[in-house]
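A short reminder: the numbers here are calculations on the coordinates, not readings from a lab. Just so it is clear, the structure is predicted and the values come from calculations on it, not from any experiment. All Cβ positions, glycine included, derive from the backbone under ideal geometry; neighbour counts span all protein chains shown.
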């Protein structure tokens, strides 16, 4: 491709002068077009969209459950490490 489409100017100023003429510019222009294919976009069916939505809801529920467990564990640790809260829990039991 380099050998077929590239040129080197031995007298660059004179080459620039020839490009003042629009006909000369269009004569020296080269258009190279590479092959192009549009990417195939797969559209999802209603079933697939419903399945994805349900999976996201389930993941959200799981995250909420995990966050609740973490909060409960933090409260348990805080009660156990704080002697005053621990004594209140013992007296109320």
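Computed quantities for the displayed model
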item: Cα-based helix-to-principal-axis angle, 46-81 vs the chain, degrees rounded to 10; result: 50
item: Computed over region 40-82, Kirkwood Rh from alpha-carbon pairs, angstrom; result: 13.1
item: The chain - mean residue ellipticity at 222 nm from DSSP helices (-39,500 (n - 2.57) per run, n ≥ 4, rounded to 500); result: -21500 deg cm²/dmol
item: Residue among 19, 36, 80 with the largest mean-square fluctuation in a Gaussian network model of the chain, springs linking Cα atoms under 10 Å; result: 19
item: Most mobile listed residue (63, 72, 16) in the chain, GNM with C-alpha springs under 10 Å; result: 16
item: Simple spin-label estimate for residue 38 and residue 78 in nanometres, 7 Å along Cα-Cβ; result: 5.8
item: Kirkwood Rh in Å, taken over all unlike Cα pairs in the chain; result: 22.2
item: Max mean-square fluctuation residue, GNM over the chain, Cα-Cα springs under 10 Å, options 83, 39, 13; result: 13
item: Residue-span extension gain [residue 18 to residue 87] - 0.36 nm each, minus C-alpha spacing; result: 15.1 nm
